[in-house]
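The values are calculated or read from the model by the stated rules, or taken from the named source; none is laboratory data. Since the model is a prediction, treat every value here as computed from it, not as a measurement. We place every Cβ from the backbone using ideal geometry, glycine too, and count neighbours over all the protein chains shown.
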Amino acid sequence: MEIRLLSCSTLAELLDLLLVEFKEYFRLSSVNLILLDPEGAARDLLDDYVPPKPGHTLRFVKNQRLLKSIFPVPKLKAGELDDEVKKLAFPSSPFILSSALLPLVRHDCLIGSLHLGSKDPGRYSDSFDYDYINHLASVIAVCIENCINQQNLKRMSIIDMLTKVHNRRAFDQEIIRELSRANRHQTTLSCLFVDLDHFKLVNDTYGHQVGDRVLRSVGQVLKNLCVKLTLSPAMAVKNLPFCCPNVTPPRHSRSAIPFAAKS
């Protein structure tokens, strides 16, 4: 299991291992995770990730208040929990009779908490030593930090930080993949180029800060319209190209946006 943890390359992959596979592998009744995420860096990496049911299997917190309520001292807790701690650790699983609560610590900072719960009252006890679980908690903390850092570095290389959509580098990579796929499957591929009319007038009249807000808003609108949206900063900043797989080019340019929205 430790090798599996270390081999995870994305946060979503790691979360699936912890929240789904851990539950099956260790024959647990519930597995919950709390992560400290003050700036939303982890949540930004999980746009399409859906945590397993029931609710509260995955929670993000902006400060350590909840974590320190569970761990006044960052040491593993094992055995039967009192009602107050049980509600904090397993808010959707009141049937848990014994558990192991693992503090996740990096650089002397409590960054999260992993909760392993069982219906068996004898599964975990404060009378036993859990050296392996303590070691596992250290490995998990390292893996969480590594996945977030690696994904953020990759994301910074392909995401335009102003509009939060893909940049020229990502577009170049995407267009090659989509051309290859279209050729392989003999399907169509369209490219749509969106130009913001009178954008220079907005900058000149209201200033670049307002212009940046306009770009962010337009990027979000187009991102919602089409799954594969990419920004090309090598072109004029007001031009946004994106590719639409399996879309036949419309006859009239004015129908391009609603047509792309269907892709």
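Which condition number in (1) without any contact (Cβ under 8 Å) to a residue 12 or more places away in the chain; (2) more than 28 Å from the chain's Cα centre (by Cα); (3) not assigned by TED's automatic domain parsing to the domain that holds Leu28 is the one that Asp131 fails?
Condition not satisfied by Asp131: (3).
Between a residue in segment 70-83 that is over 11 Å from Ser99 (Cα atoms) and at pLDDT 90 or above and any residue that is of a type in the set (Lys, Arg) and outside any strand (DSSP E or B), which pairs come within a Cβ distance under 9 Å, given they are 6 or more apart or on different chains?
Cβ pairs passing all conditions: Pro74/Lys68.
For segment 52-87, give me the residue count where each residue is in a helix (DSSP H, G or I) and either of a type in the set (Asp, Glu) or farther than 15 Å from Leu114 by Cα (or both).
Summing the residues that are in a helix (DSSP H, G or I) and either of a type in the set (Asp, Glu) or farther than 15 Å from Leu114 by Cα (or both) in segment 52-87 gives 3.
Tell me, please, whether a residue that is of a type outside the set (Val, Ile, Thr), surrounded by 15 or more Cβ atoms within 10 Å (Cβ to Cβ), touching a residue at least 12 places away in the same chain (Cβ under 8 Å) and not in a strand (DSSP E or B) can be found in segment 101-119.
no
Have a look at Leu46, Leu101, Leu36 and point out the one that is under 22 Å from the mean Cα position of the chain (by Cα) and modelled with pLDDT of 95 or more.
Result of the check over Leu46, Leu101, Leu36: Leu36.
Suppose the filter is under 22 Å from His166 (Cα atoms) and either at pLDDT below 75 or surrounded by 12 or more Cβ atoms within 10 Å (Cβ to Cβ) (or both); does Pro241 pass it?
It is true that Pro241 is under 22 Å from His166 (Cα atoms) and either at pLDDT below 75 or surrounded by 12 or more Cβ atoms within 10 Å (Cβ to Cβ) (or both).
Is there any pair linking a residue in segment 186-215 that is closer than 20 Å to Asp160 by Cβ and in contact (Cβ under 8 Å) with a residue 24 or more places away in the chain to one that is surrounded by 11 or more Cβ atoms within 10 Å (Cβ to Cβ) and aromatic (Phe, Trp, Tyr), with Cβ under 9 Å and at least six apart or on different chains, and which?
Cys191/Phe242; Leu192/Phe242; Leu192/Phe259; Phe193/Phe242; Val194/Phe242; Leu215/Phe199
Have a look at Arg59, Arg4, Arg65 and point out the one that is surrounded by fewer than 16 Cβ atoms within 10 Å (Cβ to Cβ) and in contact (Cβ under 8 Å) with a residue 12 or more places away in the chain.
Just one listed residue meets the conditions, Arg4.
All but one of (1) under 14 Å from the mean Cα position of the chain (by Cα); (2) modelled with pLDDT of 90 or more; (3) closer than 19 Å to Arg106 by Cα hold for Glu13; which doesn't?
In the conditions (1) under 14 Å from the mean Cα position of the chain (by Cα); (2) modelled with pLDDT of 90 or more; (3) closer than 19 Å to Arg106 by Cα, Glu13 misses (3) alone.
What number goes with the only condition from (1) among the charged types (D, E, K, R); (2) surrounded by 16 or more Cβ atoms within 10 Å (Cβ to Cβ); (3) within 28 Å of the chain's Cα centre (by Cα) that Arg123 does not pass?
(3)
If we keep just the residues of segment 137-178 that are charged (D, E, K, R) and outside any helix (DSSP H, G or I), which is surrounded by the fewest Cβ atoms within 10 Å (Cβ to Cβ)?
The extreme case among them is Lys164.
Please work out which one of (1) part of a helix (DSSP H, G or I); (2) surrounded by 19 or more Cβ atoms within 10 Å (Cβ to Cβ); (3) not aromatic (Phe, Trp, Tyr) is the condition Arg184 fails and give its number.
(2)
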